[in-house]
Protein chains: 2
Amino acid sequence: MKITDVTVQTFRYTSSEGRDAEGHGHPADPHDATQTIMTVTADNGAQGHVFGANPQHVAALVKPHLVGEDPFYREKIWHQLYTYQRGNTGVLTDHLLGLVDMALWDLAGQHFKTPIHKLLGATRDKVPAYGSTMCGDELPNGLSTPEEYGRFAEWLVKRGYKAIKLHTWMPPIKWAPDARMDVRACAAVREAVGPDIELMIDCYHHYSRSEAYYIGKELEKLDYKWIEEPMDEYSVSSYVWLAEQLEIPVIGPEYHAGKMQSRAEWIVRGACDITRGGVTDNGGISPLMKIVHLAEAFNMAMEVHGGGPGNLHVLCAMSIPGQYYERGLLHPFIDWEKPKPWLKTIDDPMDEDGFVHISQKPGLGQDIDFDYIKANLVK
Amino acid sequence: MKITDVTVQTFRYTSSEGRDAEGHGHPADPHDATQTIMTVTADNGAQGHVFGANPQHVAALVKPHLVGEDPFYREKIWHQLYTYQRGNTGVLTDHLLGLVDMALWDLAGQHFKTPIHKLLGATRDKVPAYGSTMCGDELPNGLSTPEEYGRFAEWLVKRGYKAIKLHTWMPPIKWAPDARMDVRACAAVREAVGPDIELMIDCYHHYSRSEAYYIGKELEKLDYKWIEEPMDEYSVSSYVWLAEQLEIPVIGPEYHAGKMQSRAEWIVRGACDITRGGVTDNGGISPLMKIVHLAEAFNMAMEVHGGGPGNLHVLCAMSIPGQYYERGLLHPFIDWEKPKPWLKTIDDPMDEDGFVHISQKPGLGQDIDFDYIKANLVK
């Protein structure tokens, strides 16, 4: 079996989300946008699909490495791309490696008519979710005050969530970051949801040691479950220091480059209480499973960063069960239950008890609307 | 899909190998022996097979955990057995866990009509082998003198091996262990094969620090590739000390309990230069891949211990390529190219250049002679 083609098609849709100057997503007025679908095709007709790859980067650096290879030689292909990364860091990112790896896993699952978590060796079919908010904003009735976070949290609990994570205010909001405002939002949410909901914070990522310490100590009083990357992740010594100072678990790293290698260093340094990785942070399902296995070898908790089907399949194949699926990012103005225009159904349906159920469809299990994509192709 | 039955059948064959009082294999006069085949069957008829499980132990502890489970939930099943191990260490060994895990992988491969290394995400289809000798003996023209090791090594090189590992003399041979004799055998082999063949030693496992140091220093002069577990593996501090003292790489652990967890501790302690694991030492293909991933995260070489199809599939799915497949144990009196009576062909065919080729048959890829087994069943 050989890969015969790797294509990326671009299609139009109407988006209701925008990005601020620092790259954080927020609700936005409906506007034209584009999305891409990458398709890896094998000589027997089997295909794998994944969304979000850059067409030029795939054509320049991915396709030449894939065509002619057996699609089941994922480790061989991944390792080839990995060694080519060094000279092509701006293009052949871990994000793109992750998309390629997921497309190959999807192809295998489509070929075998089996969802990926069962190919990996499954552990479960549903995972508790935490509602993960968008970053704070300045939209009235959005997430612009501690009280609005509290009201939204109340709604999330009614929807079924048993855990909530706040992303608080960050630049380019002029007055952000503000550690005291972060704590006020956390307090408002704790007051709104009561003692039985698990709460976490993912705040500004460039606080000083003393600011991070202040937030951590306050969140201990509010019985928060974890504090996530409040400082520059490359200052590993800062994390060693913070993890020693705080009772509340420190979780990370997330965007620190270096895949499983950097996670190994965080673990041996004692820089975190819970380690972390995600399919698009670390180069795909294959390396994320390596991080899971690394964490298991050190009996260290590991929580998966970000949502989407790739992360969900990993969560359903972990022997050391990641406690939560990250659902969102959520906002009062956004209907998360509504599928993206290119999907017929959402990737992460959640029941009333707060469990996200994995798709039993083959591969990544996405319910792709190929007719929509075809009708909206950019020529 | 559900597991409906787990059976172990015992059958007779004629063996030409025996075990000494310490459990080491040696050539023996043909004699009656028994072997077992474990079969895991799913409700759709898919089956996985593996040889060597104890019928009573499977009936008592394995079958009750497997029947009713989905055979693709390997991680769930493995984790259940793992937690039950603590109270059942004498029965639910890592060896038995390994056989169960391999049977489940075989079942998956049979179901998908695909060899396991491709389900794992393959890297290659052939692996260089080292010829791994039996332990020394007192059989004339066998492995009873350094000169006989030298002659056998010459023959192995003619057969195609590019690397050879000596297992030297161990108790119950009365005069063993003897560090000087080990070095003499190693010298005789180096002299017989010349400078271009890679050589390793796996000697007595309870030498003192000074004996291990002596052997290591002598093997540095003989340009040996590694020294394998020359001391009690639970004295991790001894290995930290030895790895610091010697230039020649120290490889281990092998039989140290604790699966990927103990390998993690060896790595962070600096107790080895090359880490090690095998499917029946560590509880199967699944945990062995975790050790591979752990080693990869620390950029540490990892060599697979022992032969057989499970280890070969792991070797063909490693991104950090284990350098060698361990072929044997070999002896001048034993024809390794002849299949076991219950196999139609051998598991590890080797070409003239010393490469073992993996089977492209489904699952473990073994060429089982079911007619032979049926005809020789023990009622």
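The values are calculated or read from the model by the stated rules, or taken from the named source; none is laboratory data. On a predicted model such as this, the values are computed, not experimentally measured, just so you know. Note: ideal-geometry Cβ built from the backbone for every residue, glycine included; neighbour counts use all protein chains shown.
Observations
- Residue, nearest to the other protein chains (Cβ to nearest Cβ), within the stretch A:127-149, restricted to residues that are out of contact with any Cys (no Cβ under 8 Å at 6 or more places or on another chain) and more than 19 Å from residue A:173 (Cβ to Cβ): A:128
- Residue check, residue A:288 within 23 Å of residue B:73 (Cα to Cα), assigned to a helix (DSSP H, G or I) and within 14 Å of the chain's Cα centre (by Cα): yes
Each row is one residue, and each column tells you yes or no for (1) farther than 21 Å from residue A:113 by Cα; (2) in contact (Cβ under 8 Å) with a residue 12 or more places away in the chain; (3) among the hydrophobic types (A, V, I, L, M, F, W, C).
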position: A:3; (1), (2), (3): no, yes, yes
position: A:10; (1), (2), (3): yes, yes, no
position: A:30; (1), (2), (3): yes, yes, no
position: A:34; (1), (2), (3): yes, yes, no
position: A:46; (1), (2), (3): no, yes, yes
position: A:66; (1), (2), (3): yes, yes, yes
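- Of all residues making up the stretch B:125-159, the number that are surrounded by fewer than 17 Cβ atoms within 10 Å (Cβ to Cβ) and either among the aromatic types (Phe, Trp, Tyr) or in contact with a Leu (Cβ under 8 Å, 6 or more places away or on another chain) (or both): 1
- Candidate set: the stretch A:228-287, residues that are polar (S, T, N, Q), within 14 Å of chain B (Cβ to nearest Cβ) and free of Cβ contacts under 8 Å to residues at least 60 places away in the same chain; chosen: the one surrounded by the fewest Cβ atoms within 10 Å (Cβ to Cβ): A:261
- Test: residue in the stretch A:109-132 that is within 20 Å of the chain's Cα centre (by Cα) and farther than 30 Å from residue B:69 by Cα: yes
- Residue under evaluation residue A:6, criteria (1) touching a Ser or Thr at 6+ places or on another chain (Cβ under 7 Å); (2) aliphatic (A, V, I, L, M); (3) buried (at least 19 other Cβ atoms within 10 Å of the Cβ), criterion not met: (1)
- Annotation note: of A:225, A:290, A:259, the sole residue that is of a type in the set (Lys, Arg), touching a His at 6+ places or on another chain (Cβ under 9 Å) and not assigned by TED's automatic domain parsing to the domain that holds residue A:98 is A:290.
- Residue match in the stretch B:315-328 (condition: hydrophobic (A, V, I, L, M, F, W, C) and away from every other protein chain (no Cβ under 14 Å)): no
- For the stretch A:235-272, a residue qualifies if it is of a type in the set (Gly, Ala, Ser) and part of a helix (DSSP H, G or I), and the qualifying residues are A:237, A:238, A:243, A:262, A:264.
- Meets criteria (over 24 Å from residue B:166 (Cα atoms), away from chain A (no Cβ under 11 Å), part of a loop (DSSP other than H, G, I, E, B) and at pLDDT 95 or above) for residue B:332: no
- Looking only at the stretch B:290-309, and only at residues there that are buried (at least 24 other Cβ atoms within 10 Å of the Cβ) and aliphatic (A, V, I, L, M), the one that is farthest from the other protein chains (Cβ to nearest Cβ): B:304
- Members of the stretch A:342-372 that are of a type outside the set (Asp, Glu) and farther than 17 Å from residue A:309 by Cβ: A:354, A:372
- Matching residues in the stretch B:1-26 - criterion: being within 18 Å of the chain's Cα centre (by Cα) and at negative phi: B:17, B:18, B:19, B:22, B:24, B:25, B:26
- Taking the listed residues A:107, A:96, the one that is away from chain B (no Cβ under 14 Å), among the hydrophobic types (A, V, I, L, M, F, W, C) and assigned to a helix (DSSP H, G or I) is A:96, with no other qualifying.
- Test: residue B:89 is within 11 Å of another protein chain (Cβ to nearest Cβ) and modelled with pLDDT under 95: no
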